[in-house]
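Questions regarding the structure given below will be posed in turn.
The values are calculated or read from the model by the stated rules, or taken from the named source; none is laboratory data. The shown structure was predicted, so the numbers you read here are calculated from the model rather than taken from an experiment. Here Cβ is always computed from backbone atoms with ideal geometry, including for glycine, and neighbour counts include all displayed protein chains.
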Amino acid sequence: MILKAIEAGSGPPVVLLHGLFGAARNWGAMQRARAPRFRVIALDMRNHGASPHAPDMRYATQAADVLETLAAMGALPAAVIGHSMGGKAAMAAALAQPAAIARLLVSDIAPVIYQHGNTAIAAAMAAIPLDPALTRAQASALLEAAVADAAVRAFLLQNLTFGATPGWRIGLADIAAAIPDLEGWQDVPSGRYDGPTVFVTGAQSDYVLPEHRPAIRALFPAARFVAVKGAGHWVHADNPAGFLSVLEAFLHDWGA
């Protein structure tokens, strides 16, 4: 599947992969910051943003989407940065075609199985009545039981259009059905990726724990670990300056 891309700048290709319920535009600040030196490509993953909808969301499939899209754009090998779901897709791409991934940065996710309550979140989103009179405030209130954090509700509701014909931009039904795959780590390419790899975590996040490091190093033996202060799971949004500092170090000699 060819994914929708937002592209800026020129130079060695740098690819940005968003997380679950996100979109390429979530990377806007990071894309603008790196565009003066790099060809920065932010992708809408399948069932997200402006990319096509399809039921299979296994990480091997998402990795194939990414690699097919970048090959069609003449953007391989590339430095790939992925957050959460996008981080798992990035890892799967690196394992599938190591030569296509020049370096890898994974933001606040590990190659392990999670249970993060996304089934309840998707169900709450699907239960919102798509009435022309629906307001954003009403939609947020309807999500509150499943999503306590107002900022996260606002993030989720970026995917909902309001007005005469309200609807979800995302393939919500396909995403909901795929939650076990999205929270899992199965059916991924075998092997390992020996290229430069950085795992960035939010210092206030519990997504990547010390006990995950053996699983990470088994697949990514060159992995280094960096924690960004003042950040939770959405590292690049919680502390943009801190994340950008890590990103600059990660890319400093790419294409030199």
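If the requirement is being in contact with a Gly (Cβ under 9 Å, 6 or more places away or on another chain), more than 21 Å from residue 18 (Cβ to Cβ) and not assigned by TED's automatic domain parsing to the domain that holds residue 88, which of these qualifies: 130, 160?
Going through 130, 160 in turn, the sole match is 130.
Here is a further query. Under 13 Å from the mean Cα position of the chain (by Cα), in the same structural domain as residue 215 (by TED's automatic domain parsing), more than 28 Å from residue 213 (Cβ to Cβ) and among the small types (Gly, Ala, Ser): does that describe residue 42?
Judged against the criteria, residue 42 is a match.
Given the criteria β-branched (Val, Ile, Thr), at pLDDT below 95 and over 19 Å from residue 80 (Cβ atoms), does residue 147 qualify?
Judged against the criteria, residue 147 is a match.
If we keep just the residues of the stretch 130-144 that are small (Gly, Ala, Ser) and exposed (fewer than 11 other Cβ atoms within 10 Å of the Cβ), which is modelled with the highest pLDDT?
So, considering only residues that are small (Gly, Ala, Ser) and exposed (fewer than 11 other Cβ atoms within 10 Å of the Cβ), the one modelled with the highest pLDDT is 137.
Under 9 Å between Cβ atoms, at least 6 apart or on separate chains: pull out the pairs that start in the stretch 32-44 with a residue that is crowded, with 24+ Cβ neighbours inside 10 Å and end on any residue that is among the acidic types (Asp, Glu).
Pairs that qualify, where the first residue is crowded, with 24+ Cβ neighbours inside 10 Å and the partner is among the acidic types (Asp, Glu), are 40/7; 41/7; 42/7; 43/65.
Could you please tell me which pairs satisfy a Cβ distance under 7 Å, a separation of 6+ or placement on different chains, a first residue in the stretch 1-27 that is among the polar types (S, T, N, Q), and a second residue that is assigned to a strand (DSSP E or B) and surrounded by fewer than 24 Cβ atoms within 10 Å (Cβ to Cβ)?
Once the first residue is among the polar types (S, T, N, Q) and sits in the stretch 1-27, its partners that are assigned to a strand (DSSP E or B) and surrounded by fewer than 24 Cβ atoms within 10 Å (Cβ to Cβ) give 10/39.
All but one of (1) exposed (fewer than 12 other Cβ atoms within 10 Å of the Cβ); (2) at pLDDT 95 or above; (3) within 21 Å of the chain's Cα centre (by Cα); (4) among the aliphatic types (A, V, I, L, M) hold for residue 109, so report the exception by its number.
(1)
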